[in-house]
Amino acid sequence: MSKRVVILTGGVGGAKLVLGLMQIMPAERITAIVNTGDDFEHLGLAISPDLDTLLYTLSGKANAAQGWGRDGESWQFMDALKSLGGEDWFLLGDGDMALHVLRTRLLATGNPLSAVTARFAKAWGVDIAMLPMTDDPVATHLTTDEGDLPFQHYFVARRCAPKVQAIRFEGADHASPAPGVLEAIAEADAILIAPSNPWLSVDPLLAVPGIRTALETAKAPIVAVSPIVGGQAVKGPTAKLMSELGLGITNTSIAAHYNGVIDGLLVDMRDGDEDLSLSHMVTDTLMQTLDDRARVAQAALDLAARLAS
Ligand code: GDP
């Protein structure tokens, strides 16, 4: 029987590693625990950007070049909305809309987000267990030089331009881990943290009461893949955010951030000469091709196996 692997993940960076894992082990043995701090309601619809990125990526529907949304998407809904003077800062493609409409409907009729997510994954042939971190509402907010901004206003409407002073996860204190989250962590043979943004994608997960403790007491080794490649983030606001928070864009900062949670860090060869105080392995962590994704996933599991032995 192959090992059971749990991976904590946000959207794009995380989906790359989950897809890599699926190339090297049976999907049924993988549980992805996904950030929902980016979730928000827009035009009356319940939108879960990181869950959707995983659904699209793992079912082969993602627009990889664009970095979000569906491949071959059409935009009639958005065009009509704009012509009526509707809000157009958050783009919703026609196919994408189906997901949000159905999710909103299912949530409104009493289905928890975890059940809705499992249903969508099954419909699209995604065989991993894909769990939202919680079924309860948690909303990432940023304190910035432009005032308090809900996550999507910072990320999409303001394109990460505001200077971030602090981050909080509204509702996290009262949230419970979604069904299966704590069990998956306890039963895992290896636990990975994807190279997702540690402050915006992984911290919301760690803020849900019970998840951090489950990780601290898990029998499995925990390995994070660093989002830093060559002293920069591959994409997104990670590096900008780190400097605004007064941190060096280094693996020392990433290791310090995950101190007490991780046992090992997979770092990129371009940054391999840093003197880290925790177990680490150096490899090429840039995931451009499907082979790269599989190779980085294998390296993360190799480090976990080394730490277990
Ligand atoms: P989002 O939720 O869609 O913003 O995406 P994530 O939080 O999951 O991932 C964003 C992070 O992934 C960024 O900090 C990137 O540096 C990191 N990332 C993206 N692609 C790669 C890659 O190929 N290798 C590594 N090491 N990190 C990556």
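Bear in mind these aren't lab numbers, they're just calculated from the coordinates by the rules spelled out. These numbers come from a predicted model, not from an experiment. Here Cβ is always computed from backbone atoms with ideal geometry, including for glycine, and neighbour counts include all displayed protein chains.
Counted by Cβ distance under 12 Å from P112, the other residues give a net charge of 0, where Lys and Arg count +1 and Asp and Glu count -1. Taking a straight Cα-Cα cut-off under 27 Å and skipping sequence neighbours fewer than 8 places away in the same chain, the lysines within cross-link reach of K3 are K16, K122, K219.
Viscosity 1.567 mPa s, temperature 4 °C: what is the translational diffusion coefficient of region 198-309 from Stokes-Einstein with a Kirkwood Rh over Cα pairs, rounded to a whole number of µm²/s? Roughly 89 µm²/s, to the nearest whole number. For G230, the shell of other residues with beta-carbons less than 14 Å away shows a net charge of -3, using +1 for Lys and Arg and -1 for Asp and Glu.
Counting every pair of alpha carbons in the chain, the share spaced more than 31 Å apart comes to 25 percent. Taking amide H atoms as placed 1.01 Å from N in the peptide plane, the amide H of D284 lies under 5 Å from those of M269, each 5 or more residues away in sequence or on another chain. In 5 Å bins starting at 0, how do the alpha-carbon pair distances of region 1-116 split up by percent? With a bin width of 5 Å, the distribution comes to 2, 10, 19, 20, 19, 15, 8, 4, 2, 1, 0, 0. Calculated over region 211-251, the projected area of the Cα convex hull averaged across directions stands at 3.9 nm².
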